[in-house]
Amino acid sequence: MVAQSVEPSVRTDQYAGDAVFELHRGGKIEVTSSVHVADADDLSKAYTPGVARVCTAIAEDPSLVRRYTWKSNVVAVVTDGTAVLGLGNIGPAAALPVMEGKALLFKEFGGVDSVPIALDCTDVDEFVDTVARMAPTFGGINLEDISAPRCFEIEHRLKERLDIPVFHDDQHGTAVVVLAALRNALRVTGKSIEDIRVVISGAGAAGVACARILLQAGVGDLAVVDSKGVLHEDRSDLNPVKLSLARDTNTGGLSGRLVDALVGADLFLGVSGGTVPEEAVAQMADDAMIFALANPNPEVHPDIAHRHAAVVATGRSDFPNQINNVLAFPGIFRGAFDANASRITEGMKLAAADALAGLISETELNPGYIIPSPFDDRVAPAVAAAVAAAAHSDGVARPA
């Protein structure tokens, strides 16, 4: 007797009853109509023959595509699944739930429509060509969960090739929220951004972007550490991105490991994982600040961090001061779309960080509250307004 295989459709669902899986069943987003088609007249306007008039007008004046299609309010959320959350290279299919989640957050927090796209290619040329060929459909590109250093080249090449905002959220969303949190942590500690010494653990996408935005914001003494130690120009094992960063940082001439760099540091920013020994944390400066952002296990557990630091932040929602990208990307794209910006500038990112920080008043500010909650209704509008204003100041805004 030949055993019969069980079709996937009738297999027992081992995840039935699990609240997380039930929430994801069938996906977390859907496409809905923005107009109602109730009769033949509606149909003739929404589709043929009426739609031909709109197509012809756009063919004659391509700028009309923003006004008469969804392009002015839709983002492509694109990944190849090579660096997903804390899961690593799990591939495009397994990355899709995260991309759906990102699309959900765009809509819920910024009123921005988005489409999750998981690409089955890791070659940089193929990835860039594929996204560029899809670009006429979208008003912006949000790159997500792409491994370093490929992510830097992909973003750079797409920015050069396209005239719409291209934003790698793992880099710049993290950097914007980190800067906002630092602005308010400095208000708590009474320190100035020009005088602090910063140590960043991690030289991947987030670490590089955080270093760059902190330098732009005025940090003068900053060292970045990867798995082999402090980045400096004499190291022979640095890729071009790390070498460029080494040239622009480490003015103190540090070498050695993370524990060496932490001696006397004012801010530890962890975007790499791993565990920092408590004895190293204890060697930081008085009124130190610790932003340990690895998930689910911060580089320094908050219980330990609070023994040695004045301000502590993590990437987790179950501790105070969660540094969460959702505070940034919905408002950044909303503002970019409102200004019809051709790209997202450094000034727009700095403006977003300042807007976030400014939402917390002097009377509210305390060591346990340096960054707003994602559920604060003021966040996306404040970020969007600041970003749109910066787009006009930076000369990248265009007529609607």
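The values are calculated or read from the model by the stated rules, or taken from the named source; none is laboratory data. The structure displayed is predicted, hence computed values, not measured ones. Virtual Cβ from ideal backbone geometry, glycine too; neighbours counted across all protein chains shown. The area values use the complete protein model at the heavy-atom level, side chains included, leaving out ligands, DNA and RNA. Shrake-Rupley method; radii C 1.70, N 1.55, O 1.52, S 1.80 Å.
Couple of notes before you dig in:
- 5 angstrom amide H check on Gly264, placed H, neighbours 5+ away: Met284, Ala285
- Considering only Arg316, Arg157, Arg133, the Gaussian network model of the chain with Cα springs below 10 Å gives its largest mean-square fluctuation to Arg133.
- Most mobile listed residue (Ala292, Ala246, Ala211) in the chain, GNM with C-alpha springs under 10 Å: Ala246
- Couplings 3J(HN,Hα) for segment 146-163, derived from phi with the Karplus relation 6.51 cos²θ - 1.76 cosθ + 1.60 (θ = phi - 60°), are 10, 5, 8, x, 4, 4, 5, 5, 4, 4, 4, 5, 5, 4, 5, 8, 10, 10 Hz, where x marks Gly and Pro.
- Largest-first principal axis extents, alpha carbons of the chain, Å: 74, 74, 47
- Helix-only mean residue ellipticity at 222 nm for the chain, each DSSP H run of n ≥ 4 adding -39500 (n - 2.57), per residue, nearest 500: -12500 deg cm²/dmol
- Average accessible surface area per residue within segment 200-297, 1.4 Å rolling probe, Å²: 41
- Annotation: Tyr369 carries an accessible surface of approximately 60 Å², with a 1.4 Å probe and no ligand, DNA or RNA atoms counted.
- The C-alpha atoms of the chain define a longest principal axis, and helix 379-393 lies at about 90 degrees to it.
- Here the Karplus curve 6.51 cos²θ - 1.76 cosθ + 1.60, taken at θ = phi - 60°, turns the phi angles of segment 338-347 into couplings of 4, 8, 6, 6, 7, 6, 9, 8, 4, x Hz, with x standing for Gly and Pro.
- Once all protein chains are placed together, Arg307 keeps about 150 Å² accessible to a 1.4 angstrom probe.
- Accessible area in the full protein assembly, largest first, 1.4 Å probe, for Glu160, Glu278, Glu100, Glu126: Glu160, Glu126, Glu278, Glu100
- Among beta bridges from DSSP that stay inside the chain, the antiparallel ones total about 10%.
- Helix 169-189 and the longest principal axis of the Cα set of the chain meet at an angle near 40°.
- Between helix 50-60 and the chain there is an angle of about 60 degrees, using the helix long axis and the longest principal axis of the Cα atoms.
- Euclidean distance between Cα centres, segment 155-216 to segment 13-73, Å: 35
- Checked against a 22 Å cut-off, the cross-linked pairs Lys107/Lys349; Lys45/Lys107; Lys28/Lys107; Lys191/Lys228; Lys159/Lys349 give Cα-Cα distances beyond that limit for Lys45/Lys107; Lys191/Lys228.
- Close amide-amide hydrogen proximity is noted between Val224 and Ile200, Leu231, Asn250, each under 5 Å apart and 5 or more residues distant or on a separate chain (H modeled in the peptide plane; Pro and chain starts excluded).
- Taking label points 7 Å from Cα along the Cα-to-Cβ direction, Asp129 and Glu279 give a separation of 5.5 nm.
- Net lengthening on full extension, Ser227/Leu104 (0.36 nm per residue, minus Cα-Cα): 40.8 nm
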